[in-house]
Amino acid sequence: MPGSRTLRCLAPAEGRLDVHRLGSLIERAERQRDVLEEWRVLRAGTALRGG
């Protein structure tokens with residue numbers, strides 16, 4: 001995501017980049033990251049309990 005955020009910052013000066021599209025992609029990636037983190041925590045708890 002840091003690369004995407006950099007591109008979003010550069011987008012106003014670079015006509016080939018769409019600021020809104022990059023924003024949407026960043027939001028999607030952040031939601032996916034959050035879901036994966038929830039799953040990771042749940043699985044770690046299960047593993048530590050021996051399940």
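Exactly one residue among Arg8, Arg28, Arg21 is surrounded by 10 or more Cβ atoms within 10 Å (Cβ to Cβ), touching a Gly at 6+ places or on another chain (Cβ under 9 Å) and not polar (S, T, N, Q), and that residue is Arg8. Of all residues in region 24-51, none that is among the aromatic types (Phe, Trp, Tyr) has its Cβ atom under 9 Å from the Cβ atom of a residue that is not in a helix (DSSP H, G or I), 6 or more apart or on another chain.
Every read-out reported here was derived from the displayed coordinates using simple, explicitly stated rules and does not represent laboratory data. As the structure is a prediction and not an experimental result, all values here were calculated from the model. Heads up, the Cβs are rebuilt from the backbone with ideal geometry, glycines too, and the neighbour counts pull from every protein chain shown.
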